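Heads up, the thing below is written out as structure tokens.
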Amino acid sequence: MIRLTLKRPPAVPLEAEVLSPSLLAGLSHTEICGLHLYHGKRRMRVDEFFDVEGERSSTVDITGDLRRVRWLGRGMTDGTLTIHGSAGMHLGARMKGGRIEVFGNADDWVGAEMTNGLVRIHGHAGGQIGGAYRGSLRGMKNGTIIVEGTAGLEVGLRMRRGTIVIGGRVRDFCGLQMKGGTIILLDGAEIRTGAWMNRGTILSLRSLKLLPTFRFACYDNPTFIGVHARFLKPLGIRLPHAPTEGSWARYCGDFCVPGKGEIFIWHPAAAPEPAVSEL
Amino acid sequence: MGGKVTCTLGEVKNRADFIVYWGGNPAECHPRHFTKYTLMQKSRWLPRGRKDRTMVLVDIRETKSAKAADIFLQVRPGCDFELLSILRAMVRDEPVDPDAVAETGIAYDVLEDLVRRMKSCRFGCMFFGMGLSMTRGKHMNSAALLTLAAELNAFTKFVAMPMRGHGNVTGADVIMRWQTGYPFGITFNRGYPRYNPGEFSTVDVLVRGDCDAAFIIGADPGATMPQPAIDHLARIPTIVLDPHVTHTSRLARVHITTAPAGIAAPGTAYRMDEIPLPLKPALKSPYPTDEEIVRRIREAVATRPFWMPEDSPQMTTEQL
């Protein structure tokens with residue numbers, strides 16, 4: 001195992017794209033210490049900011065207040081990155097595989113444009129989770145992102161495939177311009193959920209204020225939600241799906257674009273189904 | 001994303017028979033806009049001037065501009081994105097629930113009439129102000145309006161243009177665009193430009209406290225930015241170049257008085273339609289120009305070696 005401990009908090013953002021398990025796996029202690037980080041515009045060695053223990057391992061533990069440390073685990077292909085503390089922006093951006101776990105909060109662009117792997121944030125996260133960078137057409141293409149706390153704006157911006165689960169409340173524009181994939185909201189979202197979505201699925205366990213360009217379709221208990229529930233069960237997330245528990249209200253949209261997206265809102269069986277005219 | 005479909009104000013003056021102002025108050029903020037470009041001017045294609053033009057004002061309250069408007073639409077605050085989404089759906093002939101439309105503060109039949117006018121005009125132009133771009137939704141509100149303008153080109157000629165504020169803000173965007181490829185929110189820390197608004201835009205950098213010095217030319221963030229940003233400006237060494245003592249100068253370490261551009265300093269200003277206009281100074285000033293100060297600082301910095309070692313990797317998106 002490689003253990004990195006932050007010695008002093010950086011004064012300006014520290015770009016640490018080299019701290020990725022797949023890159024560190026083949027390096028000796030001296031080589032790891034000699035890797036370059038960018039503190040603002042200054043090039044620094046890893047050992048100027050981190051105490052390094054261990055070598056040649058794809059299991060990496062980083063400890064400290066890493067709020068200004070950006071691009072951790074960028075493009076990683078395998079291994080495990082565990083962060084004890086809060087991580088900065090672009091955590092796990094463009095990752096291709098492996099696992100990231102954060103015991104703390106994360107900032108914007110978690111898992112942006114990732115193609116595979118698992119990211120789990122035990123605290124809150126920022127915006128643009130699994131999103132597409134500005135000017136890019138596609139966000140995450142596969143993989144899973146789980147945030148146990150709240151999340152910011154534009155979650156799943158232009159995502160193409162994959163799964164995002166948010167435990168807390170999500171801010172505006174969740175699933176903006178989605179092209180596929182699934183976003184699961186366990187505690188609902190603020191306004192403009194699913195704006196401009198072309199395809200893809202948003203599941204919400206709480207009621208949502210939808211845009212006027214979404215239309216109610218039907219009450220349903222589709223099979224694929226059961227498949228999602230089975231996939232999420234080992235990750236400790238319970239998604240209700242049995243008809244005895246309730247049903248999902250399906251909305252189609254967004255009709256201001258050629259919208260084939262769908263939003264499902266859960267209605268537990270205990271609460272009576274609202275009449276269609278009330279929706 | 002739709003991008004921006006735009007034109008010059010000369011075209012608006014000569015051809016635009018349908019004008020929409022969204023979230024702006026040109027009567028008070030751009031007082032010559034009506035008379036010089038959008039309403040009063042007569043042209044070969046609009047020989048009767050004001051009578052040949054229709055003006056729609058969309059705002060959250062009845063401002064002085066409403067008097068000049070043919071149609072005034074009072075949208076409920078924070079519903080601009082919803083209203084633009086509805087318009088986009090109606091332009092595509094998608095049915096929209098009239099009750100959901102009423103929630104935006106505007107009746108369904110009013111919007112139906114607006115869409116009919118938008119589709120049947122000969123040359124439409126939408127101007128949008130800070131009432132749209134700086135309220136909840138921010139850049140997505142502007143994106144929705146620009147996309148609506150782009151989509152209306154399936155029926156007629158339609159353009160959109162932001163109502164830019166004071167100073168040469170358009171010029172700053174235009175110059176950054178042709179120098180780096182990006183209009184704002186750029187970092188050069190790795191020796192080449194990278195763009196990410198929200199990460200590198202000034203207000204976000206200041207609010208998070210991500211910079212350890214600030215160099216401010218021709219702007220007054222001390223008067224306009226949120227309090228955490230102002231507090232950070234006061235904490236770090238801030239240098240201000242301005243003809244006047246501003247709020248920012250008061251919290252800066254260094255204030256350099258400069259000659260006012262257009263009055264005592266020559267240069268180029270960009271109009272809101274991105275037309276460069278040369279400025280001829282009428283007076284002489286004892287103070288140096290902004291350009292001279294920046295050039296002298298640059299010459300002093302250039303004597304030192306380039307900060308980035310030769311073999312530094314680039315963080316381009318193609319790298320992975």
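FYI, it's all coordinate maths here, none of it is from the lab. Keep in mind the model is a prediction, meaning the values are calculated, not measured. Using ideal geometry, Cβ is built from the backbone for each residue, glycine included, and neighbour counts are taken over all protein chains shown.
Would you grab the residues whose amide H sits under 5 Å from the one on A:G168? Only those 5+ places off in sequence or on another chain, please, with H modelled 1.01 Å from N. HN-HN under 5 Å from A:G168: A:G149, A:T150. Taking amide H as placed 1.01 Å from N in the peptide plane, the amide H of B:F18 sits under 5 Å from that of B:T54, B:F123, B:C125, each at least 5 places away or on another chain. Per residue of chain A, the DSSP helices (runs of n ≥ 4 H) give a summed -39500 (n - 2.57) that works out to -2000 deg cm²/dmol at 222 nm. Here's the list of lysines a cross-link from A:K41 could span, going by alpha-carbon distance under 25 Å and ignoring same-chain residues fewer than 8 apart: A:K7. Less than 14 Å Cβ to Cβ from B:P228, Lys/Arg counted +1 and Asp/Glu -1: what total charge do the surrounding residues give? Taking every other residue near B:P228 into account, the sum is -1.
GNM on chain B, alpha-carbon springs under 10 angstrom: the most fluctuating residue among B:F81, B:F34, B:F188 is B:F188.
Remark: the B:I175-B:S285 segment gains 37.0 nm on full extension, using 0.36 nm per residue and subtracting the alpha carbon distance. Rounded to the nearest whole Hz, the Karplus-based 3J(HN,Hα) values (6.51 cos²θ - 1.76 cosθ + 1.60, θ = phi - 60°) of the stretch B:25-30 follow the sequence 10, x, 4, 9, 9, 10, with x at glycine and proline. Of all DSSP bridge pairs formed entirely within the stretch A:108-278, close to 35 percent run antiparallel.
The modelled label-to-label distance for the pair A:H29/B:R122, using points 7 Å beyond Cα in the direction of Cβ, is 8.2 nm. Taking the longest Cα principal axis of chain B as reference, the axis of helix B:108-120 is set at about 80 degrees.
Listed from fewest to most Cβ neighbours within 10 Å, the set B:H33, B:H139 follows the order B:H139, B:H33. Across peptide B:193-202, the average count of Cβ atoms from other chains found within 10 Å of a residue's Cβ is 3.
The alpha-carbon atoms of chain A, seen along their principal axes, cover 67, 36, 25 angstrom, with the largest extent given first. Pairing the Cα long axis of helix B:139-152 with the longest principal axis of chain B, what angle in degrees results, from 0 to 90 and rounded to the nearest 10? Once rounded, one gets 50 degrees.
Computed from the C-beta positions of B:K67 and B:I263 and an R0 of 35 Å, the FRET efficiency is 0.60 to the nearest 0.05.
Extending 7 Å from Cα along the Cβ direction at A:A217 and again at B:R92 yields two label points whose distance is 1.5 nm. In this rough spin-label picture, where each label sits 7 Å from Cα along the Cβ direction, the A:T244-B:F306 distance is 7.1 nm.
Each Lys or Arg adds one and each Asp or Glu takes one away; over the other residues whose Cβ falls under 12 Å from the Cβ of B:H244, this sums to -1. Roughly what angle does helix A:223-232 make with the longest principal axis of chain A, taking Cα atoms, 0 to 90 degrees, to the nearest 10? Tilt relative to chain A: about 30 degrees.
Sorting the segments B:105-114, A:54-63, A:174-183, B:11-20 by their mean number of nearby beta carbons within 10 angstrom, highest to lowest, gives A:174-183, B:11-20, A:54-63, B:105-114. Electrostatic tally near B:Y37: other residues with Cβ closer than 12 Å to its Cβ, Lys and Arg +1, Asp and Glu -1, net +4. Rounded, prolate or oblate for the protein assembly as shown? Axes are the square roots of the Cα gyration tensor eigenvalues, ordered a ≥ b ≥ c, and the cut-off for rounded is a/c under 1.5. In terms of gyration-tensor shape, oblate.
DSSP bridge analysis restricted to the stretch B:222-284 gives an antiparallel fraction near 45%, rounded to the nearest 5.
Close amide H pairs (under 5 Å, H built 1.01 Å from N) link B:E103 with no residue at least 5 positions away or on another chain. Bridges between two residues of the protein assembly as shown, per DSSP, are antiparallel at a rate of about 30%. Among B:A302, B:A102, B:A282, the residue with the largest mean-square fluctuation in a Gaussian network model of chain B, with springs joining Cα atoms closer than 10 Å, is B:A302.
Mean per-residue shielding of peptide B:132-138 is 2, counting Cβ atoms of other chains within 10 Å of each Cβ.
Among B:220-227, B:206-213, B:125-132, sorting by the average number of other beta carbon atoms lying within 10 angstrom of each residue, highest first, gives B:125-132, B:206-213, B:220-227.
Shielding by partners for peptide A:193-204, expressed as the average number of C-beta atoms from other protein chains within 10 Å of each residue's C-beta, is 1. For the stretch B:9-162, the direction-averaged projected area of the alpha-carbon convex hull comes to 8.0 nm².
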